[in-house]
1. Out of the residues in segment A:89-102 meeting the condition of being more than 9 Å from every other protein chain (Cβ to nearest Cβ) and either surrounded by 16 or more Cβ atoms within 10 Å (Cβ to Cβ) or not charged (D, E, K, R) (or both), tell me which one is farthest from the chain's Cα centre (by Cα).
2. From the list A:136, A:143, A:118, A:173, exactly one residue is over 16 Å from residue A:28 (Cα atoms), among the hydrophobic types (A, V, I, L, M, F, W, C) and in contact with a strand residue (DSSP E or B) (Cβ under 6 Å, 6 or more places away or on another chain). Which is it?
3. Name the residues in segment B:135-145 that are more than 14 Å from every other protein chain (Cβ to nearest Cβ) and within 16 Å of residue B:173 (Cβ to Cβ), would you?
4. Of everything in segment B:39-55, what is touching a Ser or Thr at 6+ places or on another chain (Cβ under 8 Å) and either within 11 Å of chain A (Cβ to nearest Cβ) or not in a helix (DSSP H, G or I) (or both)? Give them in sequence order.
5. Checking the structure you have, find out if any residue of segment A:212-221 is surrounded by 12 or more Cβ atoms within 10 Å (Cβ to Cβ), closer than 24 Å to residue A:129 by Cα and basic (Lys, Arg).
6. Check off (1) out of contact with any Phe, Trp or Tyr (no Cβ under 8 Å at 6 or more places or on another chain); (2) assigned to a strand (DSSP E or B) for residue A:100 and give me the number that stays unchecked.
7. Could you please find all residues in segment B:92-134 being farther than 16 Å from residue B:226 by Cα, in a helix (DSSP H, G or I) and away from chain A (no Cβ under 14 Å)?
Amino acid sequence: MNISMFDILGPIMIGPSSSHTAGAQRLGKAMYNMIADKELTSVHFMLHGSFHLTLRGHGTDRALVGGVLGMNAYDPNLKNSLEIAKERGVEVSFEGADLGDVHPNTVRILAHTSDGQIASLMGSSIGGGNIEITEINGTAAKISGKYPAAIINHFDRLGIISHITSILAINQINIATVLNSRDATGKHAVTMIETEAPITDMVKRELESMTAVKNVVTMDRID
Amino acid sequence: MYFSAKEMLAQLEGTDKRICDLVIANEIELYNTDRETIFSKLEERYQIMYNSAHDALEKEIRSLSGLTGGSARKMWEYLQRGSMICDNTIIRGAAYALSCLEVNASMGLIVAAPTAGACGILPGSLLTVAEKYDIPHQQVLEALATASGIGQLIVKKATVSGAEGGCQAECGSAASMAAAAITEMLGGTAAQAFDAAAIAMQNIMGLVCDPVAGLVEMPCAKRNASGVANALVSADLALSGIFSEIPFDEVVEAMYKVGKSLPSTLRETALGGIATTPTALAMKEKIYGKQDAASGCTGNCSSCSGCN
(Lines give C-alpha, C1' and ligand atoms only; values in the text may rest on other atoms or scores of the structure.)
Protein backbone atom coordinates (compact mmCIF):
# COMPACT_ATOMS: atom_id res chain seq x y z
CA MET A 1 0.00 0.00 0.00
CA ASN A 2 1.43 3.35 -1.04
CA ILE A 3 1.38 6.19 1.39
CA SER A 4 2.53 9.61 0.32
CA MET A 5 4.55 11.72 2.73
CA PHE A 6 1.73 14.23 2.29
CA ASP A 7 -0.82 11.73 3.56
CA ILE A 8 1.10 12.05 6.83
CA LEU A 9 1.81 15.80 6.64
CA GLY A 10 -1.76 16.54 5.76
CA PRO A 11 -4.50 17.14 5.01
CA ILE A 12 -4.32 20.90 5.25
CA MET A 13 -7.69 21.35 6.77
CA ILE A 14 -10.20 23.23 8.80
CA GLY A 15 -10.45 21.48 12.19
CA PRO A 16 -11.31 19.99 14.47
CA SER A 17 -11.16 16.38 13.26
CA SER A 18 -9.45 14.73 10.28
CA SER A 19 -12.02 11.91 10.37
CA HIS A 20 -15.13 13.81 11.30
CA THR A 21 -14.45 17.18 9.64
CA ALA A 22 -11.99 16.78 6.75
CA GLY A 23 -13.20 13.28 5.87
CA ALA A 24 -16.80 14.45 6.07
CA GLN A 25 -16.05 17.40 3.79
CA ARG A 26 -14.58 15.03 1.22
CA LEU A 27 -17.60 12.74 1.33
CA GLY A 28 -19.82 15.76 0.70
CA LYS A 29 -17.48 16.82 -2.08
CA ALA A 30 -17.86 13.39 -3.71
CA MET A 31 -21.56 14.15 -4.08
CA TYR A 32 -20.75 17.62 -5.43
CA ASN A 33 -18.52 15.98 -8.06
CA MET A 34 -21.21 13.44 -8.85
CA ILE A 35 -23.98 15.93 -9.58
CA ALA A 36 -21.47 18.18 -11.40
CA ASP A 37 -23.37 20.82 -13.41
CA LYS A 38 -26.82 20.08 -12.01
CA GLU A 39 -28.58 22.43 -9.60
CA LEU A 40 -28.92 21.13 -6.05
CA THR A 41 -32.31 21.73 -4.41
CA SER A 42 -32.05 19.63 -1.26
CA VAL A 43 -29.71 17.16 0.40
CA HIS A 44 -30.40 14.56 3.08
CA PHE A 45 -27.72 12.87 5.18
CA MET A 46 -28.12 9.55 6.98
CA LEU A 47 -25.29 9.02 9.47
CA HIS A 48 -24.14 5.78 11.04
CA GLY A 49 -22.46 5.19 14.33
CA SER A 50 -19.89 7.59 15.74
CA PHE A 51 -20.39 9.84 12.72
CA HIS A 52 -23.84 10.70 13.99
CA LEU A 53 -22.56 11.23 17.52
CA THR A 54 -20.00 13.79 16.35
CA LEU A 55 -22.44 15.64 14.11
CA ARG A 56 -22.32 18.95 15.90
CA GLY A 57 -19.25 18.65 18.12
CA HIS A 58 -16.81 18.02 15.28
CA GLY A 59 -18.53 20.25 12.76
CA THR A 60 -19.45 17.12 10.80
CA ASP A 61 -22.72 18.70 9.75
CA ARG A 62 -21.00 21.86 8.48
CA ALA A 63 -18.30 19.81 6.77
CA LEU A 64 -20.75 17.52 4.95
CA VAL A 65 -22.85 20.44 3.73
CA GLY A 66 -19.76 22.49 2.81
CA GLY A 67 -18.45 19.60 0.75
CA VAL A 68 -21.75 19.16 -1.09
CA LEU A 69 -21.66 22.90 -1.87
CA GLY A 70 -18.21 22.41 -3.40
CA MET A 71 -15.91 23.62 -0.61
CA ASN A 72 -12.41 22.23 -0.05
CA ALA A 73 -11.03 20.96 3.26
CA TYR A 74 -9.20 24.21 3.90
CA ASP A 75 -12.03 26.60 3.01
CA PRO A 76 -12.83 28.86 5.98
CA ASN A 77 -16.44 29.06 4.69
CA LEU A 78 -16.91 25.49 5.99
CA LYS A 79 -17.66 27.05 9.34
CA ASN A 80 -20.68 28.87 7.89
CA SER A 81 -21.80 26.29 5.36
CA LEU A 82 -25.23 25.76 6.96
CA GLU A 83 -26.04 29.47 6.62
CA ILE A 84 -24.65 29.50 3.08
CA ALA A 85 -26.85 26.53 2.13
CA LYS A 86 -29.88 28.42 3.47
CA GLU A 87 -28.92 31.54 1.50
CA ARG A 88 -28.69 29.44 -1.67
CA GLY A 89 -32.09 27.92 -1.03
CA VAL A 90 -30.72 24.40 -0.51
CA GLU A 91 -32.71 22.38 2.05
CA VAL A 92 -30.56 20.33 4.38
CA SER A 93 -31.56 17.51 6.75
CA PHE A 94 -29.78 14.96 8.92
CA GLU A 95 -30.78 11.74 10.64
CA GLY A 96 -29.03 8.92 12.48
CA ALA A 97 -29.44 5.54 10.80
CA ASP A 98 -28.28 1.96 10.98
CA LEU A 99 -26.51 1.50 7.65
CA GLY A 100 -25.58 -2.13 8.33
CA ASP A 101 -22.17 -3.70 8.69
CA VAL A 102 -20.18 -0.62 7.76
CA HIS A 103 -17.25 1.43 9.04
CA PRO A 104 -18.19 3.46 12.15
CA ASN A 105 -17.89 6.73 10.20
CA THR A 106 -20.31 6.07 7.34
CA VAL A 107 -22.91 8.30 5.73
CA ARG A 108 -25.48 7.95 2.99
CA ILE A 109 -26.08 11.14 1.04
CA LEU A 110 -29.20 11.74 -1.06
CA ALA A 111 -29.12 14.81 -3.29
CA HIS A 112 -32.18 16.14 -5.09
CA THR A 113 -31.51 18.24 -8.16
CA SER A 114 -33.77 20.66 -10.05
CA ASP A 115 -34.26 18.17 -12.90
CA GLY A 116 -36.17 15.93 -10.52
CA GLN A 117 -33.37 13.37 -10.17
CA ILE A 118 -31.98 11.96 -6.94
CA ALA A 119 -28.30 11.04 -6.72
CA SER A 120 -27.18 8.82 -3.88
CA LEU A 121 -23.90 7.67 -2.52
CA MET A 122 -22.66 5.92 0.58
CA GLY A 123 -19.13 6.40 1.88
CA SER A 124 -16.92 6.17 4.93
CA SER A 125 -14.33 8.42 6.51
CA ILE A 126 -11.57 5.95 7.28
CA GLY A 127 -9.03 8.13 9.04
CA GLY A 128 -6.59 10.98 8.43
CA GLY A 129 -9.01 12.63 6.00
CA ASN A 130 -9.13 9.57 3.75
CA ILE A 131 -12.43 8.28 2.43
CA GLU A 132 -13.90 5.31 0.63
CA ILE A 133 -17.06 5.58 -1.47
CA THR A 134 -18.79 2.21 -1.14
CA GLU A 135 -22.00 2.75 -3.08
CA ILE A 136 -23.00 4.97 -6.01
CA ASN A 137 -26.67 5.17 -6.99
CA GLY A 138 -27.21 1.76 -5.40
CA THR A 139 -24.23 0.07 -7.08
CA ALA A 140 -21.41 -1.23 -4.87
CA ALA A 141 -18.18 0.72 -5.40
CA LYS A 142 -14.70 1.15 -3.98
CA ILE A 143 -13.52 4.64 -4.79
CA SER A 144 -10.86 6.44 -2.78
CA GLY A 145 -11.28 9.83 -4.41
CA LYS A 146 -7.53 10.10 -4.96
CA TYR A 147 -8.12 9.73 -8.72
CA PRO A 148 -10.81 10.77 -11.19
CA ALA A 149 -13.25 7.88 -11.52
CA ALA A 150 -15.88 6.49 -13.84
CA ILE A 151 -18.62 4.08 -12.86
CA ILE A 152 -20.01 2.37 -15.94
CA ASN A 153 -23.22 0.37 -15.70
CA HIS A 154 -23.53 -1.96 -18.67
CA PHE A 155 -24.57 -5.38 -19.92
CA ASP A 156 -21.94 -8.07 -19.75
CA ARG A 157 -20.81 -8.53 -23.38
CA LEU A 158 -17.78 -10.21 -24.89
CA GLY A 159 -15.07 -7.61 -25.36
CA ILE A 160 -16.85 -4.78 -23.64
CA ILE A 161 -14.19 -4.16 -21.04
CA SER A 162 -11.60 -4.14 -23.80
CA HIS A 163 -13.72 -1.63 -25.71
CA ILE A 164 -14.08 0.59 -22.64
CA THR A 165 -10.37 0.54 -21.87
CA SER A 166 -9.52 1.18 -25.55
CA ILE A 167 -11.57 4.36 -25.51
CA LEU A 168 -9.54 5.51 -22.51
CA ALA A 169 -6.24 4.51 -24.09
CA ILE A 170 -6.99 6.31 -27.36
CA ASN A 171 -7.75 9.41 -25.33
CA GLN A 172 -4.41 9.16 -23.49
CA ILE A 173 -6.08 8.35 -20.18
CA ASN A 174 -3.99 5.95 -18.13
CA ILE A 175 -5.88 3.56 -15.83
CA ALA A 176 -4.87 3.44 -12.17
CA THR A 177 -7.36 0.81 -10.97
CA VAL A 178 -10.19 -1.14 -12.56
CA LEU A 179 -12.83 -3.20 -10.85
CA ASN A 180 -15.47 -5.18 -12.63
CA SER A 181 -18.32 -7.29 -11.40
CA ARG A 182 -21.45 -8.72 -12.95
CA ASP A 183 -24.68 -10.40 -11.89
CA ALA A 184 -24.30 -13.28 -14.37
CA THR A 185 -23.16 -13.91 -17.97
CA GLY A 186 -24.89 -11.47 -20.26
CA LYS A 187 -26.62 -9.74 -17.36
CA HIS A 188 -26.03 -6.45 -15.61
CA ALA A 189 -22.42 -5.55 -14.91
CA VAL A 190 -20.54 -2.60 -13.54
CA THR A 191 -17.01 -1.49 -14.32
CA MET A 192 -15.35 1.03 -12.05
CA ILE A 193 -12.22 2.72 -13.25
CA GLU A 194 -9.89 5.16 -11.51
CA THR A 195 -7.73 7.09 -13.94
CA GLU A 196 -4.66 9.28 -13.84
CA ALA A 197 -6.13 11.97 -16.06
CA PRO A 198 -9.63 13.46 -15.79
CA ILE A 199 -12.35 11.86 -17.90
CA THR A 200 -13.64 14.59 -20.18
CA ASP A 201 -17.27 15.07 -21.20
CA MET A 202 -16.34 13.93 -24.69
CA VAL A 203 -14.90 10.65 -23.42
CA LYS A 204 -17.91 10.20 -21.16
CA ARG A 205 -20.26 10.61 -24.14
CA GLU A 206 -18.19 8.15 -26.14
CA LEU A 207 -18.52 5.58 -23.35
CA GLU A 208 -22.26 6.25 -23.07
CA SER A 209 -22.70 5.81 -26.81
CA MET A 210 -21.84 2.09 -26.62
CA THR A 211 -25.08 0.12 -27.00
CA ALA A 212 -24.26 -2.21 -24.11
CA VAL A 213 -23.65 0.73 -21.76
CA LYS A 214 -26.63 1.84 -19.69
CA ASN A 215 -25.13 4.87 -18.00
CA VAL A 216 -21.88 6.39 -16.91
CA VAL A 217 -21.24 8.38 -13.74
CA THR A 218 -17.97 10.27 -13.66
CA MET A 219 -16.40 11.91 -10.69
CA ASP A 220 -13.45 14.27 -10.49
CA ARG A 221 -10.70 13.66 -7.96
CA ILE A 222 -12.19 14.42 -4.56
CA ASP A 223 -10.30 17.26 -2.91
CA MET B 1 9.75 1.54 -1.18
CA TYR B 2 10.07 0.66 2.48
CA PHE B 3 7.77 -0.99 4.94
CA SER B 4 9.84 -0.97 8.12
CA ALA B 5 12.54 0.88 9.99
CA LYS B 6 14.70 -2.20 9.46
CA GLU B 7 14.34 -1.85 5.68
CA MET B 8 15.02 1.87 5.77
CA LEU B 9 18.15 1.37 7.85
CA ALA B 10 19.30 -1.33 5.43
CA GLN B 11 18.77 1.01 2.47
CA LEU B 12 20.71 3.76 4.25
CA GLU B 13 23.57 1.44 5.29
CA GLY B 14 26.91 2.44 3.79
CA THR B 15 25.53 5.67 2.35
CA ASP B 16 25.68 9.15 3.80
CA LYS B 17 21.97 9.60 3.21
CA ARG B 18 19.45 10.37 5.91
CA ILE B 19 15.86 9.25 6.53
CA CYS B 20 14.54 12.44 4.90
CA ASP B 21 16.53 11.68 1.73
CA LEU B 22 14.96 8.24 1.52
CA VAL B 23 11.47 9.64 2.05
CA ILE B 24 11.95 12.26 -0.67
CA ALA B 25 13.43 9.75 -3.13
CA ASN B 26 10.52 7.39 -2.46
CA GLU B 27 8.01 10.16 -3.03
CA ILE B 28 9.63 11.17 -6.32
CA GLU B 29 9.62 7.58 -7.57
CA LEU B 30 6.11 6.58 -6.51
CA TYR B 31 4.25 9.79 -7.23
CA ASN B 32 5.99 10.99 -10.37
CA THR B 33 6.96 14.25 -8.71
CA ASP B 34 10.19 16.22 -8.19
CA ARG B 35 12.21 17.87 -5.44
CA GLU B 36 10.93 21.33 -6.29
CA THR B 37 7.29 20.34 -5.94
CA ILE B 38 7.97 18.44 -2.74
CA PHE B 39 9.75 21.33 -1.08
CA SER B 40 7.10 23.75 -2.23
CA LYS B 41 4.45 21.56 -0.58
CA LEU B 42 6.58 21.23 2.57
CA GLU B 43 6.92 25.01 2.67
CA GLU B 44 3.14 25.42 2.37
CA ARG B 45 2.60 23.09 5.31
CA TYR B 46 5.36 24.71 7.34
CA GLN B 47 3.65 28.12 6.95
CA ILE B 48 0.30 26.78 8.13
CA MET B 49 1.95 24.98 11.05
CA TYR B 50 3.80 28.18 11.96
CA ASN B 51 0.61 30.25 11.80
CA SER B 52 -1.49 27.84 13.82
CA ALA B 53 1.32 27.60 16.40
CA HIS B 54 1.30 31.38 16.82
CA ASP B 55 -2.29 32.54 16.24
CA ALA B 56 -3.53 31.80 19.76
CA LEU B 57 -0.46 33.02 21.67
CA GLU B 58 -1.40 36.64 22.04
CA LYS B 59 -5.14 36.53 21.60
CA GLU B 60 -7.58 34.14 23.17
CA ILE B 61 -9.19 31.81 20.64
CA ARG B 62 -12.21 30.00 22.04
CA SER B 63 -13.40 26.68 20.69
CA LEU B 64 -16.66 26.24 18.77
CA SER B 65 -18.20 24.66 21.87
CA GLY B 66 -17.00 27.50 24.07
CA LEU B 67 -15.52 24.98 26.50
CA THR B 68 -11.85 25.78 25.99
CA GLY B 69 -9.49 28.51 24.86
CA GLY B 70 -6.90 30.91 26.20
CA SER B 71 -4.42 28.29 27.46
CA ALA B 72 -1.87 29.02 24.76
CA ARG B 73 -1.93 32.67 25.75
CA LYS B 74 -1.50 31.83 29.44
CA MET B 75 1.48 29.63 28.62
CA TRP B 76 2.99 32.31 26.40
CA GLU B 77 2.65 34.98 29.10
CA TYR B 78 4.10 32.55 31.66
CA LEU B 79 7.07 32.09 29.36
CA GLN B 80 7.58 35.87 29.12
CA ARG B 81 7.56 36.16 32.92
CA GLY B 82 10.48 33.73 32.92
CA SER B 83 10.09 31.73 36.11
CA MET B 84 9.18 28.31 34.77
CA ILE B 85 10.31 24.95 36.05
CA CYS B 86 11.06 23.53 32.61
CA ASP B 87 13.43 25.41 30.37
CA ASN B 88 12.31 27.86 27.67
CA THR B 89 12.51 25.34 24.89
CA ILE B 90 9.90 23.00 26.30
CA ILE B 91 7.53 25.74 27.51
CA ARG B 92 7.69 27.52 24.17
CA GLY B 93 6.99 24.23 22.39
CA ALA B 94 4.07 23.55 24.73
CA ALA B 95 2.62 27.01 24.02
CA TYR B 96 2.91 26.39 20.28
CA ALA B 97 1.20 23.01 20.64
CA LEU B 98 -1.65 24.51 22.67
CA SER B 99 -2.09 27.23 20.06
CA CYS B 100 -2.42 24.66 17.26
CA LEU B 101 -5.12 22.79 19.16
CA GLU B 102 -7.02 25.99 19.96
CA VAL B 103 -6.99 27.02 16.31
CA ASN B 104 -8.16 23.51 15.42
CA ALA B 105 -11.03 23.57 17.91
CA SER B 106 -12.28 26.90 16.58
CA MET B 107 -12.53 25.44 13.05
CA GLY B 108 -9.32 27.22 12.05
CA LEU B 109 -6.72 26.06 9.53
CA ILE B 110 -4.20 23.42 10.60
CA VAL B 111 -2.08 20.64 9.14
CA ALA B 112 -3.08 17.18 10.34
CA ALA B 113 0.27 15.58 11.25
CA PRO B 114 -0.63 12.81 11.30
CA THR B 115 -4.08 13.76 12.61
CA ALA B 116 -5.89 16.92 13.66
CA GLY B 117 -6.11 15.75 17.28
CA ALA B 118 -2.31 15.58 17.46
CA CYS B 119 -1.65 18.56 15.19
CA GLY B 120 0.29 20.50 17.83
CA ILE B 121 3.06 18.05 18.67
CA LEU B 122 5.16 18.11 15.49
CA PRO B 123 4.98 21.88 14.93
CA GLY B 124 5.45 22.60 18.63
CA SER B 125 8.51 20.37 18.96
CA LEU B 126 10.15 21.22 15.67
CA LEU B 127 9.63 24.98 15.80
CA THR B 128 10.93 25.36 19.32
CA VAL B 129 14.08 23.30 18.70
CA ALA B 130 14.72 25.01 15.35
CA GLU B 131 14.47 28.37 17.11
CA LYS B 132 16.79 27.31 19.92
CA TYR B 133 19.56 26.25 17.55
CA ASP B 134 18.78 28.71 14.76
CA ILE B 135 18.47 25.84 12.28
CA PRO B 136 18.53 26.85 8.58
CA HIS B 137 15.03 26.76 7.10
CA GLN B 138 15.85 24.10 4.49
CA GLN B 139 16.87 21.71 7.26
CA VAL B 140 13.61 22.34 9.09
CA LEU B 141 11.69 21.37 5.95
CA GLU B 142 13.87 18.25 5.68
CA ALA B 143 12.99 17.45 9.28
CA LEU B 144 9.30 17.52 8.29
CA ALA B 145 10.18 14.93 5.65
CA THR B 146 11.91 12.79 8.30
CA ALA B 147 8.80 13.00 10.45
CA SER B 148 6.58 11.94 7.57
CA GLY B 149 8.75 8.83 7.01
CA ILE B 150 8.11 7.67 10.57
CA GLY B 151 4.41 8.37 10.07
CA GLN B 152 4.34 6.34 6.85
CA LEU B 153 5.72 3.30 8.70
CA ILE B 154 3.15 3.64 11.47
CA VAL B 155 0.26 3.91 8.99
CA LYS B 156 1.53 0.91 7.03
CA LYS B 157 1.93 -1.39 10.02
CA ALA B 158 -0.42 0.04 12.64
CA THR B 159 -2.76 3.00 12.83
CA VAL B 160 -2.82 6.73 13.52
CA SER B 161 -6.50 6.78 14.34
CA GLY B 162 -7.68 7.34 17.90
CA ALA B 163 -10.89 5.45 17.13
CA GLU B 164 -8.82 2.41 16.21
CA GLY B 165 -5.82 2.63 18.52
CA GLY B 166 -6.48 5.22 21.22
CA CYS B 167 -4.48 8.38 21.87
CA GLN B 168 -1.25 6.38 21.70
CA ALA B 169 -1.91 6.08 17.97
CA GLU B 170 -2.38 9.81 17.50
CA CYS B 171 -0.29 11.67 20.08
CA GLY B 172 2.12 8.74 20.38
CA SER B 173 2.69 8.70 16.65
CA ALA B 174 3.09 12.47 16.48
CA ALA B 175 5.64 12.42 19.32
CA SER B 176 7.50 9.55 17.62
CA MET B 177 7.59 11.50 14.38
CA ALA B 178 8.77 14.65 16.12
CA ALA B 179 11.42 12.84 18.19
CA ALA B 180 12.93 11.25 15.08
CA ALA B 181 12.76 14.51 13.12
CA ILE B 182 14.54 16.48 15.85
CA THR B 183 17.19 13.80 16.34
CA GLU B 184 18.06 13.73 12.65
CA MET B 185 17.87 17.51 12.35
CA LEU B 186 20.45 17.87 15.14
CA GLY B 187 22.83 15.47 13.45
CA GLY B 188 21.82 12.16 14.96
CA THR B 189 22.15 9.01 12.87
CA ALA B 190 19.17 7.27 11.31
CA ALA B 191 19.47 4.55 13.95
CA GLN B 192 19.36 7.18 16.69
CA ALA B 193 16.34 8.81 15.05
CA PHE B 194 14.46 5.50 15.06
CA ASP B 195 15.47 4.92 18.67
CA ALA B 196 14.11 8.34 19.61
CA ALA B 197 10.86 7.43 17.83
CA ALA B 198 10.72 4.07 19.61
CA ILE B 199 11.31 5.69 23.00
CA ALA B 200 8.61 8.31 22.47
CA MET B 201 6.13 5.60 21.52
CA GLN B 202 7.05 3.39 24.48
CA ASN B 203 6.51 6.33 26.82
CA ILE B 204 2.90 6.61 25.74
CA MET B 205 1.99 2.94 25.35
CA GLY B 206 -1.61 2.29 26.33
CA LEU B 207 -2.75 5.92 26.33
CA VAL B 208 -6.49 5.98 25.81
CA CYS B 209 -8.64 8.33 23.77
CA ASP B 210 -11.19 9.77 26.18
CA PRO B 211 -12.34 13.13 24.83
CA VAL B 212 -14.67 15.15 27.03
CA ALA B 213 -18.04 15.55 25.28
CA GLY B 214 -16.46 13.85 22.28
CA LEU B 215 -14.73 17.09 21.29
CA VAL B 216 -11.11 17.50 20.23
CA GLU B 217 -10.39 19.77 23.20
CA MET B 218 -9.98 18.07 26.56
CA PRO B 219 -7.62 16.41 27.25
CA CYS B 220 -6.33 16.73 23.66
CA ALA B 221 -4.78 20.18 23.88
CA LYS B 222 -2.84 19.44 27.06
CA ARG B 223 -1.80 16.03 25.72
CA ASN B 224 -0.27 17.84 22.78
CA ALA B 225 1.61 20.10 25.20
CA SER B 226 3.01 17.09 27.07
CA GLY B 227 3.56 15.35 23.76
CA VAL B 228 6.13 18.04 22.97
CA ALA B 229 7.91 17.23 26.24
CA ASN B 230 7.83 13.53 25.34
CA ALA B 231 9.33 14.21 21.91
CA LEU B 232 12.13 16.43 23.25
CA VAL B 233 13.13 14.10 26.09
CA SER B 234 13.07 11.11 23.72
CA ALA B 235 15.35 12.95 21.27
CA ASP B 236 17.75 13.83 24.11
CA LEU B 237 17.79 10.22 25.32
CA ALA B 238 18.71 9.00 21.85
CA LEU B 239 21.29 11.72 21.19
CA SER B 240 23.02 10.95 24.49
CA GLY B 241 23.80 7.52 23.10
CA ILE B 242 21.03 5.65 24.89
CA PHE B 243 19.55 2.91 22.71
CA SER B 244 15.99 1.68 22.55
CA GLU B 245 16.51 -1.99 23.31
CA ILE B 246 13.20 -2.79 21.63
CA PRO B 247 13.44 -1.78 17.95
CA PHE B 248 11.02 0.75 16.49
CA ASP B 249 9.16 -1.76 14.29
CA GLU B 250 8.40 -3.99 17.28
CA VAL B 251 7.27 -1.04 19.39
CA VAL B 252 4.86 0.02 16.64
CA GLU B 253 3.47 -3.50 16.42
CA ALA B 254 3.06 -3.54 20.20
CA MET B 255 1.21 -0.21 20.06
CA TYR B 256 -1.13 -1.63 17.44
CA LYS B 257 -1.91 -4.73 19.49
CA VAL B 258 -2.42 -2.70 22.64
CA GLY B 259 -4.73 -0.39 20.69
CA LYS B 260 -6.83 -3.26 19.41
CA SER B 261 -7.16 -4.66 22.90
CA LEU B 262 -8.45 -1.38 24.27
CA PRO B 263 -12.20 -1.51 24.79
CA SER B 264 -14.19 0.76 22.49
CA THR B 265 -15.14 2.86 25.51
CA LEU B 266 -11.52 4.06 25.49
CA ARG B 267 -11.23 4.64 21.75
CA GLU B 268 -12.73 8.02 20.84
CA THR B 269 -16.26 7.20 21.95
CA ALA B 270 -16.23 9.46 25.01
CA LEU B 271 -17.61 6.52 26.99
CA GLY B 272 -14.68 6.10 29.36
CA GLY B 273 -11.65 7.74 30.91
CA ILE B 274 -12.03 11.40 31.84
CA ALA B 275 -14.94 11.69 29.41
CA THR B 276 -17.20 9.98 31.95
CA THR B 277 -16.11 11.91 35.02
CA PRO B 278 -18.91 13.89 36.72
CA THR B 279 -17.41 17.19 35.57
CA ALA B 280 -17.10 15.99 31.97
CA LEU B 281 -20.64 14.67 31.91
CA ALA B 282 -21.93 17.98 33.21
CA MET B 283 -20.10 19.77 30.40
CA LYS B 284 -21.52 17.35 27.85
CA GLU B 285 -25.02 18.01 29.15
CA LYS B 286 -24.46 21.75 28.91
CA ILE B 287 -23.55 21.43 25.24
CA TYR B 288 -25.90 18.74 24.00
CA GLY B 289 -28.85 18.95 26.34
CA LYS B 290 -30.03 16.47 28.95
CA GLN B 291 -31.24 13.44 26.96
CA ASP B 292 -28.35 13.06 24.51
CA ALA B 293 -25.82 13.67 27.23
CA ALA B 294 -27.15 11.12 29.66
CA SER B 295 -26.33 8.05 27.63
CA GLY B 296 -24.79 9.22 24.37
CA CYS B 297 -27.27 6.75 22.94
CA THR B 298 -28.91 7.28 19.57
CA GLY B 299 -30.77 3.99 19.58
CA ASN B 300 -28.61 2.51 16.81
CA CYS B 301 -27.54 -0.56 18.74
CA SER B 302 -25.69 -2.34 15.92
CA SER B 303 -23.46 0.65 15.31
CA CYS B 304 -22.36 1.04 18.91
CA SER B 305 -20.93 -1.16 21.58
CA GLY B 306 -21.42 1.37 24.32
CA CYS B 307 -23.37 -1.03 26.52
CA ASN B 308 -20.59 -3.64 26.58
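The values are calculated or read from the model by the stated rules, or taken from the named source; none is laboratory data. In this text the structure is predicted, and so the values were computed from the model without any measurement. As a convention, Cβ positions derive from the backbone with ideal geometry for all residues, glycine included, and neighbour counts pool all protein chains shown.
1. Let us first name the residues in segment A:89-102 that are more than 9 Å from every other protein chain (Cβ to nearest Cβ), namely A:89-95.
Adding the requirement that they be either surrounded by 16 or more Cβ atoms within 10 Å (Cβ to Cβ) or not charged (D, E, K, R) (or both) leaves A:89-90, A:92-94.
Details: A:89: 23, A:90: 19, A:92: 18, A:93: 19, A:94: 18 Å.
Looking at residues that are more than 9 Å from every other protein chain (Cβ to nearest Cβ) and either surrounded by 16 or more Cβ atoms within 10 Å (Cβ to Cβ) or not charged (D, E, K, R) (or both), I get A:89.
2. Numbers: A:136 fails: over 16 Å from residue A:28 (Cα atoms); A:143 fails: over 16 Å from residue A:28 (Cα atoms); A:118 fails: over 16 Å from residue A:28 (Cα atoms).
After ruling out the rest, the residue left standing is A:173.
3. Narrowing segment B:135-145 to residues more than 14 Å from every other protein chain (Cβ to nearest Cβ): B:135-139.
None; the set is empty.
4. Taking segment B:39-55 as the starting set, the residues that turn out to be touching a Ser or Thr at 6+ places or on another chain (Cβ under 8 Å) are B:52-55.
Correct list: B:52, B:55.
5. yes
6. (2)
7. Those that are farther than 16 Å from residue B:226 by Cα, in a helix (DSSP H, G or I) and away from chain A (no Cβ under 14 Å): B:130, B:131, B:132, B:133.
Yes/no matrix, rows are residues, columns are (1) surrounded by fewer than 23 Cβ atoms within 10 Å (Cβ to Cβ); (2) of a type in the set (Phe, Trp, Tyr); (3) over 14 Å from the mean Cα position of the chain (by Cα):
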residue	(1), (2), (3)
B:128	no, no, yes
B:141	yes, no, yes
B:167	no, no, no
B:173	no, no, no
B:186	yes, no, yes
B:224	no, no, no
